[in-house]
């Protein structure tokens with residue numbers, strides 16, 4: 001059972017997440033085989049205040 005984990009900034013709508021899950025599932029099955037039912041996707045929404053990059057919080061970047 002493949003598991004795809006996606007960490008991204010919060011703010012996407014449920015419809016956007018549905019489309020992402022559809023697209024990732026299709027791409028995985030196309031490139032690696034298997035069935036769509038076997039692909040598991042976990043989406044973690046992260047606040048910009050909880051994500052750092054380049055030595056600073058993303059909320060502080062312009």
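In a GNM of the chain with a 10 Å cut-off on Cα contacts, which of 34, 11, 52 has the highest mean-square fluctuation?
52
Rule-of-thumb check for the chain: C-alpha Rg over 2.2 N^0.38 Å?
For the chain, the normalised Cα radius of gyration is 1.38.
Among the DSSP beta bridges whose two residues both lie in the chain, what percent are antiparallel, rounded to the nearest 5?
Roughly 20 percent of the DSSP beta bridges within the chain come out antiparallel.
Note down the relative contact order for the range 3-48 as a percent, whole number, built from C-alpha pairs under 8 angstrom at least six residues apart.
70
Each reported figure results from applying straightforward, stated rules to the coordinates on display, with no laboratory input. If you're wondering where the values come from, they're calculated on a predicted model, not measured in any experiment.
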